[in-house]
Amino acid sequence: MTQTPKVSITEDQRDCYQEISNVAMGQAADLLARLLDVKVILPIPVVNLIEVNELRMALSGIENSETVSGVCQGFIGNGISGEALLIFNDTSFNDISDLLKYGGAADKSLELELLMDVANILIGACLRGIGEQLDVGFSQGHPVVLGQHVNLNDLVAANNYRWTKTLAIEINYKIEGYNINCDLLLLFAEDAIEVLNRKVNYLLED
Amino acid sequence: MSIPVLICDDSSFARKQMARALPDGWDVEISFACNGEEAIQAIKEGKGEIVFLDLTMPVLDGFGTLAQIKQQDLNAMVIVVSGDIQPEAHAEVMGLGAMEFIKKPASKDKVLEVLKRFGVI
């Protein structure tokens, strides 16, 4: 019987992932800030090795009481695969619609368009930023809608993962002066973690 | 005499990365700080004539650190090194008295260029 080796990350590796995410999320935020002509408030990214069934806990930036809408997008590059989730609290859409000068409240199809637009920008830029630092070229799949105006637990449950463990990077973006709150979650597949750890070790070497 | 250089960042990887980006052969005495509060303390102890300062940090962030340096009239040349590359963040730190803004990860060439421009090296 073969045993799957236990994946883990050291404190130094976690710190390194956090710093890499920090740089990448800054690049993504800059694009969003330019698109919406706003100031994006940057958080400290949260990096954790979690069980996939603990995913809900990793989404700490969103309250349980809020209804949300979200998309997911798979990515792969150099043997590293994973999935990005972008989740908005539903109250965000009116402000985004205003900022993009669509005028009036957003209907469901306009919301979907906004969701896709922002997802493309944020997910693309974050992956590019991480890829540049780790010397990996990621390609992205098509974005898939996980749900609109649903409960967060239902949204997370809508997605099935083939992994049990995942390296989760959570970035919670807020926009100064507006009621816009979104969580970007990058989930790296279980079998990608070892490859990632090796890349990070290389950066940590003297 | 060696120049006291302070690197302030909450990430140990980022501190290391910054130290590596310093010019080769530059005669410096490097100290490290994990947040703004530690940085202020180190500057008061004369350990930060030149400070490489991150913005997003717990306890006291980079913006707060710059404000403190100004308020307490501390003698330090601050170069902000940050992943927050929004034009507003850049303008804000310059307004708070930073000498220059370098985007993360800082490259050796960029650091050298900035230090030369300010006649430090």
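Quick notes
- Under a Gaussian network description of chain B, with springs only between Cα atoms under 10 Å, the residue in B:G25, B:G97, B:G46 that fluctuates furthest is B:G25.
- Rounded if a/c under 1.5, otherwise prolate or oblate - chain B, Cα gyration tensor axes: rounded
- Rounded, prolate or oblate (a/c below 1.5 giving rounded, otherwise prolate when a/b exceeds b/c) for segment A:64-104 by Cα gyration tensor: oblate
- The 3J(HN,Hα) values that the Karplus relation (6.51, -1.76, 1.60; θ = phi - 60°) gives for segment B:107-120 are, in residue order, 9, 4, 4, 5, 4, 4, 4, 5, 5, 5, 4, 8, x, 7 Hz. Gly and Pro appear as x.
- Shown in residue order for segment B:76-85 are the 3J(HN,Hα) couplings computed by the Karplus curve 6.51 cos²θ - 1.76 cosθ + 1.60 at θ = phi - 60°: 8, 8, 9, 10, 7, 10, 9, x, 7, 9 Hz (x for Gly and Pro).
- Average accessible surface for segment B:3-115: 42 Å² per residue, computed with a 1.4 Å probe over protein heavy atoms with every protein chain in place.
- Amide H contacts of A:L146 (H built 1.01 Å from N, under 5 Å, at least 5 apart or other chain): A:G70, A:V71, A:C72
- Annotation: extensible slack from A:D191 through A:S60 equals 44.7 nm (criterion: 0.36 nm per residue apart, minus Cα-Cα distance).
- In order through segment B:17-32: 3J(HN,Hα) via Karplus (6.51 cos²θ - 1.76 cosθ + 1.60), integer Hz, x for Gly, Pro: 4, 5, 4, 5, 7, 6, x, 5, x, 6, 7, 10, 10, 8, 10, 10
- Cα gyration tensor shape for chain A, rounded if a/c is under 1.5, else prolate or oblate: prolate
- If you run the Gaussian network model on chain B, springs between alpha carbon atoms under 10 Å, then out of B:E88, B:E29, B:E100 the most flexible one is B:E88.
- Helical segments meeting 18 Å axial Cα length and Kyte-Doolittle 1.6 threshold in chain A (DSSP H): none
- Under-5 Å amide H pairs with A:S81, H placed in peptide plane, nonlocal only: A:A189, A:A192
- Listed pairs A:K199/B:K47; A:K6/A:K174; A:K39/B:K16; A:K199/B:K16; B:K47/B:K116; B:K47/B:K104 exceeding 26 Å between Cα atoms: A:K199/B:K47; A:K6/A:K174; A:K39/B:K16
The values are calculated or read from the model by the stated rules, or taken from the named source; none is laboratory data. Note that the structure is predicted; figures quoted are calculated from it, not measured. Calculation scope for accessible area: heavy atoms of the full protein, side chains included, ligands and nucleic acids excluded. Shrake-Rupley method; radii C 1.70, N 1.55, O 1.52, S 1.80 Å.
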